[in-house]
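The values are calculated or read from the model by the stated rules, or taken from the named source; none is laboratory data. Being a predicted model, the structure only gives us computed values, none of them experimental. Don't worry about glycine lacking a Cβ; one is built from the backbone with ideal geometry, like all the others, and counts go over all protein chains shown.
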Amino acid sequence: MPVSRTMSSKSSQENSEDESESPSPDDVLKILITTDNHLGFAERDDERANDSLIAFEECLQIARDENVDFILLGGDLFHDNKPSSHIMLECINLLRKYCLGDKTIEFKLISDEKVNFSSTVQSNPFPWANFKDPNLNIGIPVFSIHGNHDDPSGSTPLCPLDLLNSCGLVNYFGNLSSLENIDIHPLLFRKGQTNLAIYGLGSIRDERLHRIFLKNQINLLRPTNQPDDWFNIFVIHQNRVAHGPKNYIPEQFLHEFLDIVIWGHEHDCRLTPEFNTVQKFFVIQPGSTVATSLSEGEQIQKHAGILHIYKKTFKLQQRPLQTVRQFYFVDINLSDHIDEKALKTLSNSKLEQKLDKILTDTIDELLVRAEKEHTGHPKQPKKPLIRLRVDYTGFDLFDSFNDIRFVQKFSDRVANAKTMINLHKKREQSLLKSHEIKLDPDAIKISNDQFKNAQRVEHSIQTYFDSTTENNRLRLLDEKSMLAALTEFIDKDEVYALSTMVEGQIEQTQKFLSNQIHTDDVAFLEEELKRFKMLQNVDDDQANQRRRDLLTVARKERLKINGDRSYNDDDDDDDLMVTQTRRTKNDDSDNENDDDDAFEINSMRPTQKRTQVSTTAGRGRGRGRGRAKATPIATPRGKRKPF
């Protein structure tokens, strides 16, 4: 990690040297960052109803004690987009208590506030930051995007943040009026010699946002006046961990000129900045302030962060939260505690007593540990959360174990007694090993030898399938059709060729089974599938026409998504030429405004992430999969020095 951009880890000698050159407080922006506060979580649980409110109040208390310039929230302030009146009232009370006051605002917001705080439903009657309102007395401004829990909904899409924005308690940004050709206007802050641009993007369904990035339809607008002098932060609330092929946002989709990405939605606290070596920015994942699930990641110590920004450098101060309810997650494998001999010799009742003792001893140890590790803060709850994940694979006699009766004896000592025990078995393999498809090492060797002399990779793949046995070949998809799709993908960058071919073959197989097969005999079905696949995997005119039809569907799909209407059915497939169009904006960078604090919309220039390469017919290796280089506006890294 390049420590030249952060002071998170330094020796005492280096710190003493920095102190002599420490920047003036008038030039340092101090920001409290927190995400996923989930106000209102478990409000109907008598024991845990106030956990989220207590933790959020501690964050506000830290902001006031640390005298921060403002608070930055990364989404999911509320657990529900229609919070109860009680939760909304308590939130308003906390914001009034800690964020209103006579404290002087020492920074300037110089971006176009009518654009930053525009409403997606109706014209905003208060299109300015709350601390600029002459009728309000704001001491600590709060800026927030929405998350997936408190996102706009309804016929006139509104969310709780709209209400807080109209009350003058929160500055709500990052709400988009359209999901096509997205322009993200940053909040531009200035304090002394430090310029800060914060880009916000409220939560969008991951699959849809993934597709938007691939279609290259997101622009981050940068100031045309010395853009490299700005410190750039992007606040996002999406899946960071892959839950499917498109059910997350890869970090490589984001722009290289960014300095920090504040990532909401993921609840495990990873507040230490993580450097992305490809995109050259840091990712900060604050995590949640309250455990909303009994998962392993939620037991990590919760924190709030104090971010110090000076010119093009930053440092992060981590503040452990003292009022969060303790949570302990333990895995128990019964095979480590009950040997095979005991399983055979002991009666069922004795074995259940042994299991009862194992669980009881583990919980008692955790309760003692919780008492020792309690922070002593008067608002931290006394009863901890405990989750025991018990693997009883091979112990079928415990299928009837009454865990509900077992947990009753801990109901007055554990906050979640009813959900404390999770009994589970490992999944058994449904298929025999003899039916598994394995790579054939001999065929791989022949394929590799062929590849040394081959001109095309698909020839090498064809050699592999020709050299291996039937058991190691594809069972449902026919190789010749898949190789045809692969050739189309490589030669013409036909990005939907493979997926369309797979979907088409699955549809044909389903039609064959529904029309021809009327039996539940699995062995017979497998034989018929093998026969049908052999009939498909031929080179006759009918099969080739079927493949051409599916590839035509793939091209139409790609052209439809890319917005190209020049294609028609009469076009020759081999001569099809496609060029992606890009939006351009008038960049009147020559007319510089003499007033440095005046930034109009036309003083921004788009910075478009190149996640998909322009596609043309002919041989090429472009993939259009987010691997292309990012924005052409480069940010020099050599200027970043610690402060």
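Scoring Pro141 on the criteria (1) at negative phi; (2) at pLDDT below 90 leaves a single failure, condition (2). Looking across the range 376-424 at every residue that is small (Gly, Ala, Ser) and under 30 Å from Lys341 (Cα atoms), the one that is nearest to the chain's Cα centre (by Cα) is identified as Gly394. The lone criterion from (1) surrounded by fewer than 17 Cβ atoms within 10 Å (Cβ to Cβ); (2) at pLDDT 70 or above; (3) not assigned by TED's automatic domain parsing to the domain that holds Arg547 left unmet by Ile461 is number (1).
Kindly indicate whether any position in the range 220-228 is within 13 Å of the chain's Cα centre (by Cα) and either more than 18 Å from Asp151 (Cα to Cα) or outside any loop (DSSP other than H, G, I, E, B) (or both). Checked against the condition, which is being within 13 Å of the chain's Cα centre (by Cα) and either more than 18 Å from Asp151 (Cα to Cα) or outside any loop (DSSP other than H, G, I, E, B) (or both), the range 220-228 yields no hits at all. Candidates Leu95, Leu60, Leu73: the one that is at pLDDT 95 or above and closer than 12 Å to Leu169 by Cα is Leu95.
If only residues of the range 334-349 that are loosely packed, with under 12 Cβ neighbours inside 10 Å and over 42 Å from the mean Cα position of the chain (by Cα) are counted, the one that is modelled with the lowest pLDDT is Lys344. If you go through the range 232-248 and pick out every residue that is closer than 18 Å to Gly174 by Cβ and aromatic (Phe, Trp, Tyr), you end up with 1.
If I filter the range 124-134 for residues that are in contact with a strand residue (DSSP E or B) (Cβ under 9 Å, 6 or more places away or on another chain), part of a helix (DSSP H, G or I), crowded, with 17+ Cβ neighbours inside 10 Å and not acidic (Asp, Glu), do I get at least one hit? Yes, the conditions are met somewhere in the range 124-134. Of the listed requirements (1) of a type in the set (S, T, N, Q); (2) under 27 Å from the mean Cα position of the chain (by Cα); (3) assigned to a helix (DSSP H, G or I), Gln61 misses just one: (2).
For every residue, the table says whether it meets (1) over 19 Å from the mean Cα position of the chain (by Cα); (2) touching a residue at least 40 places away in the same chain (Cβ under 8 Å); (3) at positive phi.
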residue	(1), (2), (3)
Val261	no, no, no
Asp268	no, no, no
Thr272	no, yes, no
Lys312	yes, yes, no
Leu321	yes, yes, no
Asp331	yes, yes, no
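One residue alone among Ala242, Ala197 is small (Gly, Ala, Ser) and either in contact with a Pro (Cβ under 6 Å, 6 or more places away or on another chain) or not assigned by TED's automatic domain parsing to the domain that holds His146 (or both), and that residue is Ala197.
Residue by residue, here is whether (1) in contact (Cβ under 8 Å) with a residue 60 or more places away in the chain; (2) among the β-branched types (Val, Ile, Thr); (3) surrounded by fewer than 20 Cβ atoms within 10 Å (Cβ to Cβ); (4) assigned by TED's automatic domain parsing to the domain that holds Pro186 holds:
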| site | (1), (2), (3), (4) |
| --- | --- |
| Asn225 | yes, no, yes, yes |
| His237 | yes, no, no, yes |
| Val278 | no, yes, yes, yes |
| Ser293 | no, no, yes, yes |
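All of (1) within 23 Å of Phe41 (Cα to Cα); (2) charged (D, E, K, R); (3) assigned to a loop (DSSP other than H, G, I, E, B) hold for Asp162 with one exception: (3). Only a single criterion out of (1) crowded, with 17+ Cβ neighbours inside 10 Å; (2) in contact with a Gly (Cβ under 6 Å, 6 or more places away or on another chain) is not satisfied by Gly101, namely (1). Please verify whether Asp206 is buried (at least 17 other Cβ atoms within 10 Å of the Cβ) and touching a residue at least 60 places away in the same chain (Cβ under 8 Å), treating the condition exactly as stated. Taking the combined requirement at face value, the residue does not satisfy it.
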